[in-house]
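The values are calculated or read from the model by the stated rules, or taken from the named source; none is laboratory data. The shown structure was predicted, so the numbers you read here are calculated from the model rather than taken from an experiment. Note that we place each Cβ from the backbone using ideal geometry, even for glycine, and neighbour counts take in every protein chain shown.
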C-alpha cells in the first residue's frame, strides 16, 4: 500500500444514475421442519433450477453469485447483474419445491449497493 | 408511455451513487456539512487496515457516542408544546424519529435539529388533520401520501399565535397521532433539564449504542489513489469497486474466488494488497451527526502519526424509514430504503465521499 | 400509501391451519387479510351462511412484524357464477350477504363477466388463472368496472404449485393488462399453507411478470387492496361511509367527517 504521497486532491464530483452493475438480494430459504438442508452447492443448484423453470435456458444462464451462504439459517446473499434482478427475484418467488418437499424463498432485502445490506434499520432491534 | 411487458423484466429500480473527492483540511470542504445534514443514522462502521489495537483516543470517542432514548406512545403534540421547544429544540440540536414505522405504509414523524417537524402521512390522516402540506414526490398520480412541515422555531409560531394553536388543536383533538419515538439531544452547555426527566411521565428508556470490535486477518484490500476517483488500470481501483468491496467486507463475503467458480465469481478488485490485520468497529443505535463528525475528526487525526495504513473508511447507514435523507430532501422506500454514505480518508487527508440513495430519493447534496 | 394486504385466505381450513396462516401473514408484514368463503352455485343448492366472526375464531390475533399493531382480519364472500340466474342473489337484499366485508364474484362466461363488471354490486372480480381464458376481455366492461371502483383479482399460489397453471396465470394476467392498462389490479394468494404465502415485496415483484409497472405492482398489494376494502364498506352502508368519532364531551359537540371526502377516498 505504500506509495509516494500524491498532491492534495482537487474537488471532483461524479453522479452515477442507476448505473449499478449488480443488484444484491439477501434471502432465506424456508423448508418444512425436519427437511434435509441443502449444502452451498445444492443451494446454488436450486437457484439455477428456479431460474430455468421460469425463464428457461436464458434464465439459467444469468450470472448469479452466492456471495455467502449459511447452512444453519439457510440464509444467503446473492449477486445478479442488474438487468436480471426481476427475473431472479420472480424465479425465487415462484419456486415451490425442493426435493419434492414444499419450500419458500423469502427475499429479506434487495439493493443495488452491497454495503446497504450490512445495515438494515428494518431489522434492527434497538430496545 | 407504456412499456412492453418483456422489457419490464430487464428494468432496474432507480438509484443514485454520488462520488466526491476533496481534501479534509481544505477551507471550503463541505464533507463535515454532508455529515451534519444527514440527521438519522442507525449504524456507523469504520475499518482501519494495518491496525491491531485501537488507539486510546479513538476508544474514548466511541465510548462518548452517547445515549439516546426510546419513548413509547408519545403524542406528537408534546413535541410542539412550548415547554418542549424552549427546553430542547431552541437550546441545542434535538433529534426525534418514529420507531418501527414504515414510510411506505404508515404515518411517520421526524424532528430535525433545525426545529422542523416533518410529518409524512397517508391521505386519510392528512384530510383528518387539516394541516397544510404538500403531496409526496413519490406518491404517483393519485396522491396517497402528504408531507407536512412545521417550523417550530419560526417567529410566527409563538405560544399565542393562531398557527401554533391550530397545530396543537389538530394534533391534540382533531387527529391525535401517537408513536414510539427515538430521541436524542445535543447541546454544548450542560445546563438545563434532560429528556429523561422531561418525559418521566411517559414510558421512557435510555439506551446505549451497541458497539462491536472485530479484527480481520489477512484481508485483501484494494489499492487506491486519492486523486484517481475512477481508478487507473493496473495502478489503482475505482470508487465503485471500493464501494462494492467494502460491502463484501462488512457482510463477511469471501473475497478470493475464481472466474470459473460455480458458487461465486466475486473477487477483490485489482490491484490489491494483503494486510495482516484490519480493525473493524461497528456502532449501532440512534447516532447523531455531531458524534459522527467527532469520530470523523479523530479518524483524520489517526494519520497525525506515521501509520502503515494508506487509507481507512467510515461508513454510515441511514434509517430506511426516515422521511428525509439529507437536509429536508424527501426520502421513501420502494424496494429498499437505502440512504447511506461512506468516507475513505487517505493518509494525506484527502477524502473520497460516496453517497448512495434508492428509488424514492432526491440526489444527495 | 397503505399497509399490505392479502385479500384471499381460504376460510375452509381447520382452525389450527388458519392460525398458522395468519401468523405467517403477519410475520411477512401483511397488516390485513381477508378470510374467503367460496360459494359455487354449480354444486347443488348453496346457502350463504353468515360470516364467521374473526374475533370469535381468534381471540388474540398475531402482531404484524416490526410494528405493535395486530393483523386486521376481514371477511370475504366469493360467488362462482356460471349462469345469469346466480346473480339474482346479489341483486336481492340478502341479509347475510351484507354482513361480509368484501364481496367477490368469479364469472365463468363472457356474459357473466360483462354483467359483473357493469351492473353487479361487488368489490372484486376474480380472474381465472388455472386454465386457458374461456373468453376475451373486452374494453367496455373492463373500463366500466374501473369507473365503478371494482378491482380485478389475480392469484399467485397456483403459479407456485404447478408449472402449467403458472403459464395460464402469467398469460391470462398479461391478456388482462392489455385491456385494463395495469389499473385496478389486486394480487392475492389463496394460500392454504404458510409455505405458499409470499412476502408483499416479493408479490409486488411478481406483478412485473404480469405486466404491471413498478408502482402499479406495489399498489396491487397495498393501496388497491385498501380501496377494495373501502369499496366494500361503502357498499355495505349503501350511500357512503360516515365515521363518527365519539369524544368525551357533550353530545352536540360530536363530530362526523363529511361523507363527501370519504367518497373521494374510495375512488383513490
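Take the residues of the range C:61-79 that are surrounded by fewer than 19 Cβ atoms within 10 Å (Cβ to Cβ) and assigned to a strand (DSSP E or B): which is nearest to the chain's Cα centre (by Cα)?
Only one residue fits best here, namely C:72.
Kindly provide the set of residues from the range B:180-191 that are away from chain A (no Cβ under 14 Å) and either touching a helix residue (DSSP H, G or I) at 6+ places or on another chain (Cβ under 6 Å) or at pLDDT 95 or above (or both), ordered by number.
B:185, B:186, B:187, listed by residue number.
Looking only at the range C:29-55, which residues are in contact with a helix residue (DSSP H, G or I) (Cβ under 7 Å, 6 or more places away or on another chain) and not in a strand (DSSP E or B)?
Passing the criteria: C:29, C:41, C:48, C:49, C:50.
Filter the range C:153-192 down to residues that are under 20 Å from residue B:8 (Cα atoms), touching a strand residue (DSSP E or B) at 6+ places or on another chain (Cβ under 9 Å) and either in a strand (DSSP E or B) or more than 11 Å from every other protein chain (Cβ to nearest Cβ) (or both), then give me how many there are.
The total comes to 8.
Check residue B:21 against each of (1) in contact with a helix residue (DSSP H, G or I) (Cβ under 7 Å, 6 or more places away or on another chain); (2) not assigned by TED's automatic domain parsing to the domain that holds residue B:103 and name the one condition it does not meet.
(1)
In this structure, is residue B:145 within 14 Å of chain C (Cβ to nearest Cβ) and within 20 Å of residue B:124 (Cβ to Cβ)?
So residue B:145 passes the test.
Take the residues in the range B:314-333 that are farther than 18 Å from residue B:179 by Cβ and within 10 Å of chain A (Cβ to nearest Cβ); name whichever of them is surrounded by the fewest Cβ atoms within 10 Å (Cβ to Cβ).
Top of the filtered list is B:315.
Here is a check on your reading of the model: is residue B:107 assigned by TED's automatic domain parsing to the domain that holds residue B:216 and either buried (at least 19 other Cβ atoms within 10 Å of the Cβ) or free of Cβ contacts under 8 Å to residues at least 24 places away in the same chain (or both)?
no
Determine whether the range B:112-124 contains at least one residue that is within 14 Å of chain C (Cβ to nearest Cβ), in a helix (DSSP H, G or I) and surrounded by 16 or more Cβ atoms within 10 Å (Cβ to Cβ).
Taking every residue of the range B:112-124 in turn, at least one turns out to be within 14 Å of chain C (Cβ to nearest Cβ), in a helix (DSSP H, G or I) and surrounded by 16 or more Cβ atoms within 10 Å (Cβ to Cβ).
Within the range A:48-60, track down each residue that is within 14 Å of chain B (Cβ to nearest Cβ) and either out of contact with any helix residue (DSSP H, G or I) (no Cβ under 7 Å at 6 or more places or on another chain) or closer than 11 Å to residue A:87 by Cβ (or both).
A:49, A:51, A:54, A:55, A:56, A:58, A:59, A:60
Kindly indicate the residue of the range B:206-236 that is surrounded by fewer than 15 Cβ atoms within 10 Å (Cβ to Cβ) and over 24 Å from residue B:54 (Cβ atoms) and also nearest to the other protein chains (Cβ to nearest Cβ) among those meeting that condition.
For the range B:206-236, the residue satisfying everything is B:230.
Working only within the range B:287-342, note down all residues that are in contact (Cβ under 8 Å) with a residue 40 or more places away in the chain, assigned to a strand (DSSP E or B) and under 30 Å from residue C:201 (Cα atoms).
B:287, B:315, B:316, B:317, B:318, B:324, B:326, B:330, B:331, B:339, B:341, B:342
What is the one condition in (1) in contact with a helix residue (DSSP H, G or I) (Cβ under 6 Å, 6 or more places away or on another chain); (2) more than 7 Å from chain B (Cβ to nearest Cβ); (3) in a helix (DSSP H, G or I) that residue A:45 does not satisfy?
(1)
List the number of the failed condition for residue B:156; all other conditions in (1) part of a loop (DSSP other than H, G, I, E, B); (2) exposed (fewer than 14 other Cβ atoms within 10 Å of the Cβ) hold.
Only one criterion in (1) part of a loop (DSSP other than H, G, I, E, B); (2) exposed (fewer than 14 other Cβ atoms within 10 Å of the Cβ) is unmet by residue B:156, namely (1).
For every residue, the table says whether it meets (1) under 21 Å from residue C:29 (Cα atoms); (2) more than 8 Å from chain B (Cβ to nearest Cβ); (3) in contact with a strand residue (DSSP E or B) (Cβ under 6 Å, 6 or more places away or on another chain).
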| position | (1), (2), (3) |
| --- | --- |
| A:62 | no, yes, no |
| A:75 | yes, yes, yes |
| A:93 | yes, yes, no |
| A:106 | yes, yes, yes |
| A:111 | yes, no, yes |
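Is it true that some residue in the range A:12-23 is more than 26 Å from residue B:15 (Cα to Cα), modelled with pLDDT under 95 and either in contact with a strand residue (DSSP E or B) (Cβ under 8 Å, 6 or more places away or on another chain) or part of a helix (DSSP H, G or I) (or both)? Break it down into steps so the answer makes sense when it comes.
Step one: filter the range A:12-23 for residues more than 26 Å from residue B:15 (Cα to Cα), giving none.
Checked against the condition, which is being more than 26 Å from residue B:15 (Cα to Cα), modelled with pLDDT under 95 and either in contact with a strand residue (DSSP E or B) (Cβ under 8 Å, 6 or more places away or on another chain) or part of a helix (DSSP H, G or I) (or both), the range A:12-23 yields no hits at all.
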